[in-house]
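In what follows, a structure is listed as structure tokens, so that the remarks can point back to it.
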Amino acid sequence: MISKQNQLSKLNELMKNCSQCSLRSGCTQVVPGAGSADAKILFIGEAPGKKEDEIGMPFVGAAGKFLDEMLGIINLKREEIYIANVCKCRPPQNRDPLPEEIAICWPWLLAQIKTIQPKLIVTLGKHSMERFLPCFRISEVHGKAMRREIEGMGKQIFYTLYHPAAALYNGSMRETLIKDFKRIPKIIAKIKTEEK
Ligand code: URA
């Protein structure tokens, strides 16, 4: 049987040749995602920024440093998780990804989710949350875990967080994000207990 890692590598190669939306012609490279194919937690951000576009890895700029800091607080290493984005190509001037761009990129994200089969999907920011939980407001659901059935995916547990970039220079949002982040180990423990 082909390993999850091999499946992800094959998927990444296909993604790198994608030019289904106009973002690809304006960016340097496709940023598929990074981490362990066996990750229990899949973090999903919005789209690559300048630095990510240059390096080809997700969350390597200022928001990524903050994300690493929070992962450190809960003793998680990047190698143990997987990080992807709803859009794999950088939007011009770091604008928000458009609904049609998110829709065109969705089959790639869906394939990543189906391959990794994470126990928990942590959405980072409004655009990521809205892909899965369109009826909610991030201000109301951040820090809450919920199980939802998603078309094409089946049942999945989601945990919504504010985007690290939004919280970076906003003191109270930063505090909230750190507090929400620190709940991740308990959520994972609860999922494991419920599986027994
Ligand atoms: N912001 C995101 O949403 N994703 C990245 O990869 C980097 C910054």
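The values are calculated or read from the model by the stated rules, or taken from the named source; none is laboratory data. Just so it is clear, the structure is predicted and the values come from calculations on it, not from any experiment. Positions of Cβ are backbone-derived with ideal geometry, glycine not excepted, and every protein chain shown enters the neighbour counts. The protein model used for the area step is the full one, side chains on, heavy atoms only, and it has no ligands, DNA or RNA in it. Shrake-Rupley method; radii C 1.70, N 1.55, O 1.52, S 1.80 Å.
Just to be sure I understand, how many residues within segment 144-168 are among the hydroxyl-bearing types (S, T, Y) and open to solvent by less than 20 Å² (accessible area, probe 1.4 Å)?
Looking only at that region, the number is 2.
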| query | So is E54 among the acidic types (D, E) and either crowded, with 23+ Cβ neighbours inside 10 Å or within 12 Å of the ligand (Cβ to nearest atom) (or both) or not? | reply | yes
| Looking only at segment 32-50, which residues are within 16 Å of the ligand (Cβ to nearest atom) and either closer than 19 Å to E13 by Cα or among the aromatic types (F, W, Y) (or both)? | P32, G33, A34, G35, F43, A47, P48
| message | Can you tell me which of (1) touching a Leu at 6+ places or on another chain (Cβ under 7 Å); (2) within 25 Å of T28 (Cβ to Cβ) is the one V122 doesn't meet? | response | (2)
| remark: Result of the Cβ filter at 6 Å on segment 65-78, keeping first residues that are surrounded by 13 or more Cβ atoms within 10 Å (Cβ to Cβ) and partners that are among the hydrophobic types (A, V, I, L, M, F, W, C) and modelled with pLDDT of 95 or more, at least 6 apart or interchain, is L67/F59; M70/F181; I74/I184
| Test for V141: is it open to solvent by less than 30 Å² (accessible area, probe 1.4 Å), of a type outside the set (D, E) and closer than 15 Å to A84 by Cα | no
| task | Could you check L76 against (1) within 26 Å of K182 (Cβ to Cβ); (2) within 13 Å of the ligand (Cβ to nearest atom); (3) not in a helix (DSSP H, G or I) and say which number it fails? | result | (2)
| query | Somewhere in segment 40-48, is a residue open to solvent by 70 Å² or more (accessible area, probe 1.4 Å) and assigned to a helix (DSSP H, G or I)? | reply | no
| query | Does S128 satisfy the condition of being at pLDDT 95 or above, exposed (fewer than 14 other Cβ atoms within 10 Å of the Cβ), in a helix (DSSP H, G or I) and among the polar types (S, T, N, Q)? | reply | no
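To keep it simple, each residue is scored yes or no on (1) over 25 Å from I73 (Cβ atoms); (2) of a type in the set (G, A, S).
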position	(1), (2)
I113	yes, no
P118	no, no
T123	no, no
S139	no, yes
F158	no, no
I184	no, no
| field | Residue in segment 8-30 that is within 13 Å of the ligand (Cβ to nearest atom), in contact with a strand residue (DSSP E or B) (Cβ under 9 Å, 6 or more places away or on another chain) and not in a helix (DSSP H, G or I) present | value | no
| Where a residue in segment 140-160 is under 16 Å from M173 (Cα atoms) and its partner, wherever it lies, is open to solvent by 20 Å² or more (accessible area, probe 1.4 Å), with Cβ under 6 Å and at least six apart | H142/Y162; T160/H142
| query | Quick check, is N94 at positive phi, open to solvent by 60 Å² or more (accessible area, probe 1.4 Å) and out of contact with any Pro (no Cβ under 8 Å at 6 or more places or on another chain)? | reply | yes
